[in-house]
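Each remark here refers to the structure printed beneath this line.
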There are 2 protein chains.
Amino acid sequence: MTDYSKALPESLYLIGVGPGAADLLTLRAVNVLRSVDVIIAPRSSTASESLALNVVRPYLAAQEVVEHIYPMERDAEQTALCWKQMADLAVARLLQGKSVAHITIGDPLIYSTCAYLLEQIGDRIAAENIHTISGISAMQATAARLNAPLLMQNDRLMLMPAENLAAVEAALGACETLVIYKIGARLPKLIELLHRHGLAQSAQLVSHAEQEKERIFLDLDTLTGERLGYMAVMIVHVGRREWT
Amino acid sequence: MTDYSKALPESLYLIGVGPGAADLLTLRAVNVLRSVDVIIAPRSSTASESLALNVVRPYLAAQEVVEHIYPMERDAEQTALCWKQMADLAVARLLQGKSVAHITIGDPLIYSTCAYLLEQIGDRIAAENIHTISGISAMQATAARLNAPLLMQNDRLMLMPAENLAAVEAALGACETLVIYKIGARLPKLIELLHRHGLAQSAQLVSHAEQEKERIFLDLDTLTGERLGYMAVMIVHVGRREWT
């Protein structure tokens, strides 16, 4: 079994720091972060600070912190180039025998920038030196604030972005619980869609769950005119698929 | 904001203890568990011990521990009756001013017995005295052991049980990543189904992720004749749905 009591030399850690509260990190994440040599904190070019870095501040001391600014434009080539530069830096530190942690909000394998780093670094260091440490995702934090089970028995859950509303509409017929990320400006059309399917009363929304700006909306109709930004999660309880 | 530094009187906590390793609890879960008066640990009638209880043993001292044995039969009436009895016990302790934690493996809102307790207790205590503390799910732990992103960009993820193979087949056309729980005896037919869709090489399986018995199968064809039981998770990478 891998020793996670501290960060190991020449090891890369992809760490999810959870939704935003400092006590929602796992013990494993804290143990590695406290002892790691280098912390890479991604920050989008439109953000004034790295949310993930703010979350782990209580655990920082002598670690080298590298803020990595990545483009928000959805340009595959630009994105790959930006993460190749980050991979170069990480590999250089690893070759010096240092331990490196790349931190992200939520879980590192769910809509996270870790995927880009993995893509660029995968073949350049030994697989056994790459470790993913899971974090509580926004979906889980949202459901927790609502005390509402996501799945029981034979239920199916779909997690998807609001990007394509036709795909969201199709998903309503393919699962019992639908979790929608990246809502932003699509909110009014999304609510309209749920009304059309008689599901507006079966949906709740939490924005910035477990962060200072947290807001809980148990009734979507109270959301008129709200600007939610990127960190809102909607959970739609479409139905149940009980034991057969 | 709620104070999670310790368990509060008259409060019920639904706590996910993560996949099995003691360092995969969140700090919040540990803080509440260490200070809570009563811990309810569910155990199925076919299990010799409570897995969730084993995970939290390092954090136990003077707490009252109640093992709650529930039926594995898929009988809605029997299940409801069993959990009503558990709810009675929890409510009695809460009325004495005590704090109560119900622990489960993984996340308390993902295929967890917490849903049954919530159903039976929901109306009997004040909503503001019920707190869910998320845990790392088996899906996340499995993906972490594989260092494989679950979702990027516009991808959709479906999480479902293997119960109904026709539903699994339909899901292959409705998402980019399919996560399958509760595989057990359906494994050979599931592998056959993936071969038929040309997806057997795009799927991996981990059984008992982050537990002593953990086994990782990067190639499903090496699984012939394996008996996996209940705690196996398969991840099928059906495709990608990139930025548009």
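Inside segment A:42-56, residues that are in contact with a helix residue (DSSP H, G or I) (Cβ under 8 Å, 6 or more places away or on another chain) and free of Cβ contacts under 8 Å to residues at least 40 places away in the same chain make up a count of 1.
Is it the case that segment B:146-153 has a residue that's in contact with a Lys or Arg (Cβ under 8 Å, 6 or more places away or on another chain), more than 7 Å from chain A (Cβ to nearest Cβ) and within 21 Å of B:E210 (Cβ to Cβ)? Let's see the steps before the verdict.
To start, the set of residues in segment B:146-153 that are in contact with a Lys or Arg (Cβ under 8 Å, 6 or more places away or on another chain) comprises B:152-153.
Restricting the remaining residues to those that are more than 7 Å from chain A (Cβ to nearest Cβ) gives B:153.
Now restrict to residues that are within 21 Å of B:E210 (Cβ to Cβ): none.
Checking segment B:146-153: not a single residue is in contact with a Lys or Arg (Cβ under 8 Å, 6 or more places away or on another chain), more than 7 Å from chain A (Cβ to nearest Cβ) and within 21 Å of B:E210 (Cβ to Cβ).
For A:A126, the criteria (1) over 18 Å from A:S207 (Cβ atoms); (2) buried (at least 22 other Cβ atoms within 10 Å of the Cβ) hold in every case but one, which is (2). Within segment A:219-240, is there a residue that is touching a His at 6+ places or on another chain (Cβ under 6 Å), closer than 30 Å to A:T46 by Cα and within 14 Å of chain B (Cβ to nearest Cβ)? No, the conditions are met nowhere in segment A:219-240. Screening A:T132 with (1) modelled with pLDDT of 95 or more; (2) surrounded by fewer than 22 Cβ atoms within 10 Å (Cβ to Cβ); (3) closer than 29 Å to A:L51 by Cα; (4) not charged (D, E, K, R) gives one miss only, at (2). Checking each residue in segment A:113-129 for being within 19 Å of the chain's Cα centre (by Cα) and modelled with pLDDT of 95 or more picks out no residue at all.
Looking only at residues in segment A:173-183 that are out of contact with any helix residue (DSSP H, G or I) (no Cβ under 8 Å at 6 or more places or on another chain) and farther than 18 Å from B:M152 by Cβ, the one that is nearest to the other protein chains (Cβ to nearest Cβ) is A:C175.
Screening A:M160 against (1) without any contact (Cβ under 8 Å) to a residue 40 or more places away in the chain; (2) within 8 Å of chain B (Cβ to nearest Cβ); (3) out of contact with any helix residue (DSSP H, G or I) (no Cβ under 8 Å at 6 or more places or on another chain) leaves a single unmet condition, (3).
Within segment A:209-224, the set of residues being buried (at least 21 other Cβ atoms within 10 Å of the Cβ) and not aliphatic (A, V, I, L, M) comprises A:E210 only.
What is the residue count in segment B:18-66 for residues that are polar (S, T, N, Q), buried (at least 21 other Cβ atoms within 10 Å of the Cβ) and away from chain A (no Cβ under 13 Å)? Talk me through it step by step, then tell me what you get.
Of segment B:18-66, the ones polar (S, T, N, Q) are B:26, B:31, B:35, B:44-46, B:48, B:50, B:54, B:63.
So of that shortlist, the ones also buried (at least 21 other Cβ atoms within 10 Å of the Cβ) come out as B:26, B:50.
Retained after the next criterion (residues that are away from chain A (no Cβ under 13 Å)): B:50.
Qualifying residue count for the region: 1.
Going by the conditions given, is B:A167 within 9 Å of another protein chain (Cβ to nearest Cβ) and over 16 Å from the mean Cα position of the chain (by Cα)? Yes, satisfied.
Yes/no per residue for (1) at pLDDT below 95; (2) surrounded by fewer than 21 Cβ atoms within 10 Å (Cβ to Cβ); (3) small (G, A, S):
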{"position": "A:A138", "(1), (2), (3)": "no, no, yes"}
{"position": "A:A171", "(1), (2), (3)": "no, no, yes"}
{"position": "A:E176", "(1), (2), (3)": "no, no, no"}
{"position": "A:Y181", "(1), (2), (3)": "no, no, no"}
{"position": "A:H195", "(1), (2), (3)": "no, yes, no"}
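For segment A:197-208, a residue qualifies if it is surrounded by fewer than 21 Cβ atoms within 10 Å (Cβ to Cβ) and in contact with a Phe, Trp or Tyr (Cβ under 7 Å, 6 or more places away or on another chain), and exactly one does: A:Q204.
Can you pull out every residue in segment B:102-123 that is of a type in the set (D, E, K, R), facing chain A (nearest Cβ under 10 Å) and either surrounded by fewer than 24 Cβ atoms within 10 Å (Cβ to Cβ) or out of contact with any helix residue (DSSP H, G or I) (no Cβ under 8 Å at 6 or more places or on another chain) (or both)?
The one that is of a type in the set (D, E, K, R), facing chain A (nearest Cβ under 10 Å) and either surrounded by fewer than 24 Cβ atoms within 10 Å (Cβ to Cβ) or out of contact with any helix residue (DSSP H, G or I) (no Cβ under 8 Å at 6 or more places or on another chain) (or both): B:E119.
The values are calculated or read from the model by the stated rules, or taken from the named source; none is laboratory data. As the structure is a computational prediction, the values presented were derived from the model and not from experiment. Here the Cβ is made from the backbone with ideal geometry for all residues, glycine too, and neighbour counts use every protein chain on show.
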